[in-house]
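All remarks here apply to the structure that follows.
Just so it is clear, none of the values below were taken in a lab; they were calculated from the coordinates. The structure displayed is predicted, hence computed values, not measured ones. Here the Cβ is made from the backbone with ideal geometry for all residues, glycine too, and neighbour counts use every protein chain on show.
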Amino acid sequence: GENVGLHLPTLSVQEGDNSIINCAYSNSASDYFIWYKQESGKGPQFIIDIRSNMDKRQGQRVTVLLNKTVKHLSLQIAATQPGDSAVYFCAERYSGGYQKVTFGTGTKLQVIP
Amino acid sequence: DGGITQSPKYLFRKEGQNVTLSCEQNLNHDAMYWYRQDPGQGLRLIYYSQIVNDFQKGDIAEGYSVSREKKESFPLTVTSAQKNPTAFYLCASSLPRDVLTFGAGSRLTVL
């Protein structure tokens with residue numbers, strides 16, 4: 001079946017360094033990808049998205065890269081801060097009568113002060 | 001401020017009891033969703049609704065029921081038929097083909 005997964009369950013980075021969180025997807029029909037941040041005990045918050053006709057999109061301190069050839073998605077966080085500590089989920093969506101969103105298992109980012 | 005409100009934040013249930021989780025949104029979103037999250041895992045879709053008075057089963061609908069009588073409201077009932085209901089439940093809403101906005105979640109514990 002289709003699934004979205006993450007390579008690393010936990011990532012520890014030093015404050016000020018850049019973070020890279022990776023995600024693999026298997027549904028070639030997916031046309032939209034989203035990264036969410038979830039802090040402990042809270043609901044996921046939207047960070048950044050990218051459509052399948054793009055390979056890179058930048059936000060404030062975050063960049064998402066999409067490699068459709070190898071079905072890989074990554075989230076880069078520049079100058080990681082303690083407030084970035086959270087679980088990050090990638091999600092994919094494919095068009096249809098209902099645009100179902102499938103979530104990966106998440107990567108926990110720990111920022112070391 | 002617009003947003004999604006879930007209540008209660010914490011809920012305890014005895015075995016054999018039905019419980020209902022509330023989800024209200026004032027974002028004027030057409031679609032609403034319920035997800036279940038277990039520790040260390042991703043989100044799994046329980047039910048979704050694209051319009052009022054219509055809803056469909058997600059991947060893990062067994063033991064759950066929903067209603068969508070109003071655009072703003074999408075309550076989820078966890079029935080006694082759900083064998084392992086202890087989890088974190090997340091409600092979300094969206095416009096068509098738009099990103100999902102999530103509530104703060106409800107944590108259900110079975111005693």
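How much net charge surrounds A:Q110 when only the other residues with a Cβ under 15 Å from the Cβ of A:Q110 are counted, with Lys and Arg +1 and Asp and Glu -1?
On the way: positive: A:K37, A:K108; negative: A:E15, A:D17, A:E39, A:D84.
With Lys, Arg at +1 and Asp, Glu at -1, the net is -2.
Charges at C-beta only: +1 for Lys and Arg, -1 for Asp and Glu. How large is the resulting dipole of the protein assembly as shown about its Cα centre, in Debye rounded to 20?
Computed about the Cα centre, the dipole is about 200 debye.
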About its Cα centre, how strong a charge dipole does chain B have in debye, to the nearest 20, once Lys and Arg get +1 and Asp and Glu get -1 at the Cβ?
-> 300
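For A:Q14 and A:K42, compute 0.36 nm times the residue count separating them, minus their Cα-Cα distance, and round to one decimal in nm.
Separation in residues times 0.36 nm, less the Cα-Cα distance, equals 7.7 nm.
Which of rounded, prolate or oblate describes region A:32-96 when judged by the alpha-carbon gyration tensor and an a/c cut-off of 1.5? Write out the running numbers ahead of the final one.
Working: a/c = 2.38, a/b = 1.45, b/c = 1.64.
Oblate.
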Count the net charge of all other residues whose Cβ sits under 13 Å from the Cβ of B:V19, scoring Lys and Arg as +1 and Asp and Glu as -1.
-> +2
Putting +1 on Lys and Arg Cβ atoms and -1 on Asp and Glu Cβ atoms, find which of B:V52, B:Q17, B:V99 reaches farthest to the positive end of the dipole of chain B.
-> B:Q17
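According to the square roots a ≥ b ≥ c of the eigenvalues of the Cα gyration tensor, what is the shape class of the protein assembly as shown, taking rounded for a/c under 1.5, prolate for a/b larger than b/c otherwise, and oblate for the remainder? All intermediate terms of the calculation are to be shown ahead of the outcome.
Values: a/c = 1.86, a/b = 1.46, b/c = 1.28.
Verdict is prolate for the protein assembly as shown.
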Once Lys and Arg are counted +1 and Asp and Glu -1 for all other residues with Cβ under 13 Å from that of B:T109, the total becomes +2
Using Cα positions and a limit of under 25 Å, work out the lysines in reach of A:K108, with same-chain residues fewer than 8 apart set aside.
-> A:K37, A:K42, A:K56, A:K68, A:K71, A:K100, B:K9
Compute the label zone of B:Q41 within region B:74-111: residues whose backbone N is under 11 Å from the point 7 Å along Cα-to-Cβ.
-> B:84-88
